[in-house]
1. Could you say which residue among Ile222, Ile232, Ile157, Ile218 is surrounded by 18 or more Cβ atoms within 10 Å (Cβ to Cβ) and more than 16 Å from the ligand (Cβ to nearest atom)?
2. Taking into account only those residues within region 7-60 that are within 13 Å of the ligand (Cβ to nearest atom) and of a type in the set (Phe, Trp, Tyr), which is modelled with the lowest pLDDT?
3. Please verify whether region 66-84 includes one or more residues that are touching a Ser or Thr at 6+ places or on another chain (Cβ under 8 Å) and farther than 25 Å from Gln159 by Cβ.
4. How many of the residues in region 71-88 are buried (at least 24 other Cβ atoms within 10 Å of the Cβ) and either assigned to a helix (DSSP H, G or I) or of a type in the set (Gly, Ala, Ser) (or both)?
5. Could you tell me how many of the residues in region 71-116 are acidic (Asp, Glu) and either within 16 Å of the ligand (Cβ to nearest atom) or not assigned by TED's automatic domain parsing to the domain that holds Phe145 (or both)?
6. Could you tell me which residue of region 126-152 is nearest to the chain's Cα centre (by Cα), considering only residues that are more than 14 Å from the ligand (Cβ to nearest atom), in contact (Cβ under 8 Å) with a residue 12 or more places away in the chain and surrounded by fewer than 21 Cβ atoms within 10 Å (Cβ to Cβ)?
7. When you go through Gly298, Gly339 one by one, which is the residue that is touching a residue at least 12 places away in the same chain (Cβ under 8 Å) and more than 26 Å from Arg221 (Cα to Cα)?
8. Kindly check whether there is at least one residue in region 187-202 that is under 30 Å from Ser137 (Cα atoms) and either of a type in the set (A, V, I, L, M) or touching a residue at least 60 places away in the same chain (Cβ under 8 Å) (or both).
Amino acid sequence: MSALAEILSQRIAQHGPLNLADYMGECLLHPDHGYYTQQEAFGRGGDFITSPEISQMFGEMIGLSLGTTWQAQGAAKDAIVVELGPGRGTLMQDLRRIAPAVPGFDSLPVHMIEASPRLRQTQSDALPGVIHHSDVSQLPQAPLFVIANEFFDALPIRQFRRNSSGWEEILVGSDANGLCFGKAAPQPYHFLAHRLEDTAPGMIVEYCPALPSIVAQISQRIADFGGAALIIDYGDWRSQGDTLQAVYQHQHADPLAAPGSADLTAHLDFEAVHNAARAAGLRPTRLATQGVFLERLGLTQRAQILAKSLNGAALQSHIAAHRRLTHPDEMGGLFKVMGLVSEGAAVPAGLEP
Ligand code: SAH
(Lines give C-alpha, C1' and ligand atoms only; values in the text may rest on other atoms or scores of the structure.)
Protein backbone atom coordinates (compact mmCIF):
# COMPACT_ATOMS: atom_id res chain seq x y z
CA MET A 1 0.00 0.00 0.00
CA SER A 2 1.24 3.49 -0.84
CA ALA A 3 1.89 5.98 1.98
CA LEU A 4 -1.28 7.93 1.20
CA ALA A 5 -3.42 4.75 0.96
CA GLU A 6 -2.08 3.81 4.41
CA ILE A 7 -2.96 7.23 5.86
CA LEU A 8 -6.46 7.18 4.37
CA SER A 9 -7.14 3.59 5.52
CA GLN A 10 -6.24 4.54 9.07
CA ARG A 11 -8.47 7.58 8.93
CA ILE A 12 -11.35 5.47 7.59
CA ALA A 13 -10.80 2.90 10.38
CA GLN A 14 -11.03 5.67 13.00
CA HIS A 15 -13.69 7.99 11.58
CA GLY A 16 -15.62 5.96 8.99
CA PRO A 17 -15.76 6.12 5.18
CA LEU A 18 -14.87 9.29 3.22
CA ASN A 19 -17.05 10.90 0.62
CA LEU A 20 -15.46 11.10 -2.84
CA ALA A 21 -14.74 14.82 -2.53
CA ASP A 22 -12.71 14.29 0.65
CA TYR A 23 -10.89 11.38 -1.00
CA MET A 24 -10.19 13.36 -4.19
CA GLY A 25 -9.05 16.41 -2.22
CA GLU A 26 -6.47 14.34 -0.31
CA CYS A 27 -5.26 12.59 -3.48
CA LEU A 28 -4.72 15.87 -5.33
CA LEU A 29 -3.52 18.25 -2.63
CA HIS A 30 -2.27 16.30 0.42
CA PRO A 31 0.76 18.37 1.56
CA ASP A 32 3.20 15.42 1.48
CA HIS A 33 1.66 12.89 -0.91
CA GLY A 34 -0.79 14.84 -3.13
CA TYR A 35 -0.65 14.60 -6.91
CA TYR A 36 -0.32 18.34 -7.60
CA THR A 37 1.88 18.97 -4.57
CA GLN A 38 4.37 16.22 -5.51
CA GLN A 39 4.39 15.21 -9.17
CA GLU A 40 5.53 16.79 -12.40
CA ALA A 41 2.16 16.11 -13.97
CA PHE A 42 2.10 18.13 -17.15
CA GLY A 43 3.48 17.91 -20.62
CA ARG A 44 4.87 15.09 -22.68
CA GLY A 45 6.80 13.55 -19.80
CA GLY A 46 3.86 13.79 -17.36
CA ASP A 47 0.56 11.94 -17.08
CA PHE A 48 -1.48 14.17 -19.35
CA ILE A 49 -1.08 17.03 -21.77
CA THR A 50 -3.23 20.15 -21.69
CA SER A 51 -4.03 22.58 -24.53
CA PRO A 52 -1.40 25.21 -23.58
CA GLU A 53 1.25 22.46 -23.54
CA ILE A 54 0.19 21.31 -27.04
CA SER A 55 0.75 24.64 -28.78
CA GLN A 56 1.59 28.27 -28.02
CA MET A 57 -1.39 29.21 -30.19
CA PHE A 58 -3.84 28.27 -27.41
CA GLY A 59 -2.58 30.88 -24.91
CA GLU A 60 -2.24 33.42 -27.72
CA MET A 61 -5.93 33.06 -28.67
CA ILE A 62 -6.99 33.38 -25.01
CA GLY A 63 -4.85 36.54 -24.80
CA LEU A 64 -6.54 38.01 -27.87
CA SER A 65 -10.01 37.19 -26.56
CA LEU A 66 -9.42 38.66 -23.07
CA GLY A 67 -7.36 41.62 -24.37
CA THR A 68 -9.96 42.75 -26.91
CA THR A 69 -12.72 42.34 -24.30
CA TRP A 70 -10.76 44.55 -21.89
CA GLN A 71 -10.39 47.13 -24.67
CA ALA A 72 -14.08 46.94 -25.68
CA GLN A 73 -15.10 47.42 -22.03
CA GLY A 74 -13.13 50.69 -21.79
CA ALA A 75 -9.53 49.54 -21.06
CA ALA A 76 -9.74 50.05 -17.27
CA LYS A 77 -6.23 50.84 -15.91
CA ASP A 78 -6.96 49.14 -12.56
CA ALA A 79 -7.93 45.82 -14.20
CA ILE A 80 -5.99 42.63 -13.46
CA VAL A 81 -5.45 39.40 -15.40
CA VAL A 82 -6.24 36.29 -13.34
CA GLU A 83 -5.52 32.62 -13.98
CA LEU A 84 -7.03 29.81 -11.92
CA GLY A 85 -4.85 26.68 -11.66
CA PRO A 86 -2.05 27.75 -14.05
CA GLY A 87 -0.03 24.48 -14.01
CA ARG A 88 3.43 25.26 -15.40
CA GLY A 89 2.46 28.83 -16.36
CA THR A 90 2.70 28.09 -20.08
CA LEU A 91 -0.67 29.62 -21.03
CA MET A 92 0.17 32.89 -19.26
CA GLN A 93 3.58 33.09 -20.98
CA ASP A 94 1.85 32.76 -24.36
CA LEU A 95 -0.83 35.28 -23.36
CA ARG A 96 1.88 37.78 -22.37
CA ARG A 97 3.64 37.32 -25.72
CA ILE A 98 0.51 38.43 -27.61
CA ALA A 99 -0.58 41.07 -25.05
CA PRO A 100 1.28 44.02 -26.68
CA ALA A 101 -1.04 43.56 -29.72
CA VAL A 102 -3.68 45.24 -27.51
CA PRO A 103 -1.97 48.46 -26.32
CA GLY A 104 -1.92 48.72 -22.52
CA PHE A 105 -3.11 45.15 -21.91
CA ASP A 106 0.50 44.01 -21.46
CA SER A 107 1.01 46.29 -18.45
CA LEU A 108 -1.82 44.79 -16.36
CA PRO A 109 -0.67 42.81 -13.31
CA VAL A 110 -1.12 39.02 -13.34
CA HIS A 111 -2.66 37.23 -10.33
CA MET A 112 -2.69 33.45 -10.02
CA ILE A 113 -4.75 31.11 -7.86
CA GLU A 114 -2.65 28.02 -7.10
CA ALA A 115 -2.95 25.56 -4.22
CA SER A 116 0.36 23.72 -4.74
CA PRO A 117 3.49 25.44 -3.32
CA ARG A 118 5.67 23.51 -5.77
CA LEU A 119 3.66 24.70 -8.78
CA ARG A 120 3.65 28.28 -7.44
CA GLN A 121 7.44 28.18 -7.59
CA THR A 122 7.36 26.84 -11.16
CA GLN A 123 4.92 29.62 -12.13
CA SER A 124 7.03 32.36 -10.50
CA ASP A 125 10.12 31.07 -12.32
CA ALA A 126 8.22 31.20 -15.64
CA LEU A 127 6.63 34.61 -14.95
CA PRO A 128 8.63 36.75 -12.53
CA GLY A 129 6.41 39.21 -10.67
CA VAL A 130 3.14 37.25 -10.67
CA ILE A 131 1.05 37.60 -7.54
CA HIS A 132 -0.15 34.33 -5.99
CA HIS A 133 -3.21 33.61 -3.87
CA SER A 134 -4.32 30.25 -2.54
CA ASP A 135 -7.98 30.95 -3.13
CA VAL A 136 -10.26 33.35 -4.99
CA SER A 137 -11.50 35.12 -1.84
CA GLN A 138 -8.09 36.88 -1.69
CA LEU A 139 -8.42 38.46 -5.15
CA PRO A 140 -8.64 42.27 -5.08
CA GLN A 141 -11.92 44.08 -5.64
CA ALA A 142 -11.11 45.19 -9.22
CA PRO A 143 -12.09 44.50 -12.84
CA LEU A 144 -11.01 40.90 -13.50
CA PHE A 145 -10.07 39.25 -16.79
CA VAL A 146 -10.01 35.58 -15.85
CA ILE A 147 -8.91 32.38 -17.58
CA ALA A 148 -9.50 28.93 -16.09
CA ASN A 149 -8.34 26.05 -18.30
CA GLU A 150 -8.70 22.57 -16.79
CA PHE A 151 -9.06 24.08 -13.31
CA PHE A 152 -12.64 23.11 -12.46
CA ASP A 153 -12.15 19.46 -13.48
CA ALA A 154 -9.56 19.16 -10.70
CA LEU A 155 -12.02 20.27 -8.01
CA PRO A 156 -13.29 17.39 -5.86
CA ILE A 157 -16.78 16.05 -6.59
CA ARG A 158 -19.30 13.97 -4.65
CA GLN A 159 -21.24 11.21 -6.44
CA PHE A 160 -24.78 10.01 -5.78
CA ARG A 161 -26.80 7.09 -7.17
CA ARG A 162 -30.54 7.64 -7.35
CA ASN A 163 -32.80 4.97 -5.87
CA SER A 164 -36.54 4.84 -5.23
CA SER A 165 -36.40 6.78 -1.95
CA GLY A 166 -33.55 9.29 -2.41
CA TRP A 167 -29.86 9.41 -3.28
CA GLU A 168 -27.19 6.96 -2.09
CA GLU A 169 -23.87 8.73 -1.78
CA ILE A 170 -20.86 6.80 -3.12
CA LEU A 171 -18.22 6.51 -0.37
CA VAL A 172 -14.64 5.29 -0.07
CA GLY A 173 -14.10 2.67 2.63
CA SER A 174 -11.42 0.12 3.27
CA ASP A 175 -11.28 -3.66 3.61
CA ALA A 176 -8.61 -6.36 3.80
CA ASN A 177 -7.59 -5.66 0.17
CA GLY A 178 -7.23 -1.90 0.60
CA LEU A 179 -9.51 0.98 -0.38
CA CYS A 180 -12.92 0.08 -1.80
CA PHE A 181 -16.16 1.78 -2.88
CA GLY A 182 -19.25 1.67 -0.67
CA LYS A 183 -22.44 3.67 -0.29
CA ALA A 184 -24.39 5.58 2.34
CA ALA A 185 -28.06 5.08 3.22
CA PRO A 186 -30.41 6.92 0.83
CA GLN A 187 -31.31 10.52 1.70
CA PRO A 188 -32.71 13.57 -0.03
CA TYR A 189 -30.15 16.33 -0.79
CA HIS A 190 -31.40 19.88 -1.42
CA PHE A 191 -28.70 20.54 -4.05
CA LEU A 192 -29.93 17.55 -6.08
CA ALA A 193 -33.64 18.49 -6.07
CA HIS A 194 -33.49 19.66 -9.72
CA ARG A 195 -31.95 16.36 -10.81
CA LEU A 196 -35.13 14.38 -10.05
CA GLU A 197 -36.59 15.59 -13.36
CA ASP A 198 -33.83 14.21 -15.64
CA THR A 199 -32.76 11.03 -13.86
CA ALA A 200 -34.24 7.58 -13.21
CA PRO A 201 -33.40 5.15 -10.38
CA GLY A 202 -29.93 3.67 -10.83
CA MET A 203 -28.42 6.76 -12.48
CA ILE A 204 -25.40 8.56 -11.06
CA VAL A 205 -25.06 12.34 -10.73
CA GLU A 206 -22.14 14.42 -9.51
CA TYR A 207 -21.93 17.56 -7.43
CA CYS A 208 -18.90 19.82 -6.98
CA PRO A 209 -19.21 21.44 -3.52
CA ALA A 210 -16.50 24.10 -4.02
CA LEU A 211 -17.78 25.35 -7.38
CA PRO A 212 -20.71 27.63 -6.40
CA SER A 213 -18.64 29.79 -4.07
CA ILE A 214 -15.64 30.07 -6.45
CA VAL A 215 -17.87 31.16 -9.34
CA ALA A 216 -19.86 33.50 -7.04
CA GLN A 217 -16.75 35.32 -5.79
CA ILE A 218 -15.41 35.89 -9.29
CA SER A 219 -18.85 36.87 -10.59
CA GLN A 220 -19.41 39.38 -7.79
CA ARG A 221 -16.20 41.24 -8.78
CA ILE A 222 -17.14 41.21 -12.47
CA ALA A 223 -20.67 42.45 -11.61
CA ASP A 224 -19.34 45.28 -9.42
CA PHE A 225 -16.20 46.37 -11.32
CA GLY A 226 -16.39 44.89 -14.85
CA GLY A 227 -14.33 42.22 -16.58
CA ALA A 228 -14.90 38.77 -18.04
CA ALA A 229 -14.11 35.13 -17.28
CA LEU A 230 -13.35 32.35 -19.77
CA ILE A 231 -13.98 28.87 -18.40
CA ILE A 232 -12.61 26.02 -20.51
CA ASP A 233 -12.92 22.37 -19.57
CA TYR A 234 -14.16 18.99 -20.59
CA GLY A 235 -17.72 18.42 -19.61
CA ASP A 236 -21.12 19.57 -20.75
CA TRP A 237 -24.42 21.10 -19.70
CA ARG A 238 -25.78 19.11 -16.69
CA SER A 239 -23.35 16.19 -16.87
CA GLN A 240 -24.76 12.77 -16.13
CA GLY A 241 -23.20 9.49 -15.07
CA ASP A 242 -19.89 8.63 -13.47
CA THR A 243 -17.21 10.90 -14.97
CA LEU A 244 -14.53 10.38 -12.31
CA GLN A 245 -11.34 9.54 -14.15
CA ALA A 246 -7.89 8.51 -13.01
CA VAL A 247 -4.98 8.92 -15.41
CA TYR A 248 -1.52 7.59 -14.73
CA GLN A 249 1.25 7.97 -17.33
CA HIS A 250 -1.24 8.71 -20.15
CA GLN A 251 -3.29 5.55 -19.28
CA HIS A 252 -6.65 5.21 -17.56
CA ALA A 253 -6.31 3.75 -14.08
CA ASP A 254 -8.49 2.60 -11.16
CA PRO A 255 -9.28 5.76 -9.10
CA LEU A 256 -8.61 3.87 -5.84
CA ALA A 257 -5.46 2.02 -6.93
CA ALA A 258 -2.76 4.64 -6.46
CA PRO A 259 -3.96 7.62 -4.41
CA GLY A 260 -1.64 10.60 -4.92
CA SER A 261 0.15 9.03 -7.91
CA ALA A 262 -2.63 9.28 -10.50
CA ASP A 263 -4.43 12.43 -11.65
CA LEU A 264 -8.11 12.45 -10.68
CA THR A 265 -10.62 14.61 -12.57
CA ALA A 266 -14.34 14.80 -13.24
CA HIS A 267 -16.29 16.51 -16.02
CA LEU A 268 -17.36 20.08 -15.35
CA ASP A 269 -21.11 20.62 -15.19
CA PHE A 270 -21.43 23.96 -17.02
CA GLU A 271 -24.99 24.37 -15.78
CA ALA A 272 -23.61 24.76 -12.25
CA VAL A 273 -21.25 27.52 -13.48
CA HIS A 274 -24.12 29.22 -15.32
CA ASN A 275 -26.42 29.12 -12.27
CA ALA A 276 -23.82 30.50 -9.84
CA ALA A 277 -22.95 33.33 -12.26
CA ARG A 278 -26.63 34.17 -12.85
CA ALA A 279 -27.25 34.29 -9.11
CA ALA A 280 -24.51 36.95 -8.85
CA GLY A 281 -26.18 39.00 -11.62
CA LEU A 282 -24.01 38.02 -14.61
CA ARG A 283 -25.13 36.93 -18.04
CA PRO A 284 -23.18 33.80 -19.04
CA THR A 285 -22.53 33.33 -22.78
CA ARG A 286 -23.63 30.29 -24.73
CA LEU A 287 -21.57 27.15 -24.36
CA ALA A 288 -19.25 26.79 -27.38
CA THR A 289 -16.96 23.93 -28.29
CA GLN A 290 -13.25 24.70 -27.97
CA GLY A 291 -12.83 24.10 -31.73
CA VAL A 292 -15.46 26.67 -32.72
CA PHE A 293 -14.15 29.18 -30.16
CA LEU A 294 -10.54 28.90 -31.40
CA GLU A 295 -11.49 29.02 -35.09
CA ARG A 296 -13.58 32.16 -34.53
CA LEU A 297 -10.54 33.80 -32.92
CA GLY A 298 -8.42 33.14 -36.02
CA LEU A 299 -6.43 30.08 -34.93
CA THR A 300 -6.08 28.81 -38.49
CA GLN A 301 -4.63 32.12 -39.76
CA ARG A 302 -2.18 32.12 -36.84
CA ALA A 303 -1.26 28.48 -37.60
CA GLN A 304 -0.52 29.38 -41.22
CA ILE A 305 1.79 32.24 -40.20
CA LEU A 306 3.72 30.02 -37.78
CA ALA A 307 3.90 27.22 -40.38
CA LYS A 308 5.90 29.45 -42.75
CA SER A 309 9.00 29.18 -40.57
CA LEU A 310 8.71 25.41 -39.98
CA ASN A 311 9.54 22.30 -41.97
CA GLY A 312 10.03 18.54 -41.56
CA ALA A 313 9.06 17.01 -38.21
CA ALA A 314 8.43 20.42 -36.61
CA LEU A 315 5.88 21.28 -39.31
CA GLN A 316 4.17 17.87 -38.95
CA SER A 317 3.87 18.31 -35.20
CA HIS A 318 2.50 21.85 -35.66
CA ILE A 319 -0.18 20.53 -38.03
CA ALA A 320 -1.03 17.73 -35.57
CA ALA A 321 -1.31 20.25 -32.71
CA HIS A 322 -3.73 22.40 -34.71
CA ARG A 323 -5.90 19.35 -35.39
CA ARG A 324 -5.80 18.19 -31.79
CA LEU A 325 -6.91 21.56 -30.44
CA THR A 326 -9.76 22.10 -32.92
CA HIS A 327 -11.03 18.83 -34.43
CA PRO A 328 -14.54 17.82 -33.25
CA ASP A 329 -13.32 14.26 -32.48
CA GLU A 330 -10.43 15.55 -30.36
CA MET A 331 -10.11 18.33 -27.79
CA GLY A 332 -11.95 20.66 -30.18
CA GLY A 333 -15.22 18.83 -29.46
CA LEU A 334 -14.60 17.35 -26.03
CA PHE A 335 -13.73 20.68 -24.43
CA LYS A 336 -16.29 23.46 -24.02
CA VAL A 337 -15.96 27.19 -23.36
CA MET A 338 -18.29 29.50 -21.42
CA GLY A 339 -17.78 33.23 -20.90
CA LEU A 340 -19.06 35.20 -17.90
CA VAL A 341 -19.79 38.93 -18.28
CA SER A 342 -22.23 41.50 -16.93
CA GLU A 343 -25.55 42.13 -18.64
CA GLY A 344 -24.90 44.47 -21.60
CA ALA A 345 -21.07 44.28 -21.38
CA ALA A 346 -18.86 43.30 -24.33
CA VAL A 347 -18.80 39.48 -24.71
CA PRO A 348 -15.37 37.81 -25.09
CA ALA A 349 -14.37 37.45 -28.76
CA GLY A 350 -15.11 33.93 -29.97
CA LEU A 351 -18.27 33.62 -27.86
CA GLU A 352 -20.54 36.13 -29.58
CA PRO A 353 -24.11 34.87 -30.09
N1 SAH B 1 -4.30 25.24 -16.46
C2 SAH B 1 -3.15 24.38 -16.57
C3 SAH B 1 -3.08 23.27 -15.50
C4 SAH B 1 -4.30 22.43 -15.27
S5 SAH B 1 -4.08 21.25 -13.98
C6 SAH B 1 -3.03 23.84 -17.97
O7 SAH B 1 -3.98 24.01 -18.73
O8 SAH B 1 -1.99 23.26 -18.31
C9 SAH B 1 -4.92 21.97 -12.59
C10 SAH B 1 -4.22 23.12 -11.92
O11 SAH B 1 -5.05 23.60 -10.84
C12 SAH B 1 -2.89 22.81 -11.25
O13 SAH B 1 -2.07 23.94 -11.35
C14 SAH B 1 -3.31 22.52 -9.81
O15 SAH B 1 -2.26 22.58 -8.87
C16 SAH B 1 -4.35 23.58 -9.61
N17 SAH B 1 -5.33 23.31 -8.55
C18 SAH B 1 -6.00 22.14 -8.38
N19 SAH B 1 -6.89 22.26 -7.36
C20 SAH B 1 -6.79 23.53 -6.91
C21 SAH B 1 -7.45 24.27 -5.87
N22 SAH B 1 -8.39 23.71 -5.13
N23 SAH B 1 -7.10 25.55 -5.68
C24 SAH B 1 -6.13 26.14 -6.45
N25 SAH B 1 -5.47 25.48 -7.43
C26 SAH B 1 -5.79 24.20 -7.66
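The values are calculated or read from the model by the stated rules, or taken from the named source; none is laboratory data. This structure is a prediction, so every number in the text was calculated from the model and none was measured. Neighbour counts run over all protein chains shown; Cβ positions are idealised from the backbone, glycine included.
1. Ile222
2. Phe42
3. no
4. 1
5. Residues that pass the stated criteria total 3.
6. Among those residues, the one meeting the criterion is Ile131.
7. Gly298
8. yes
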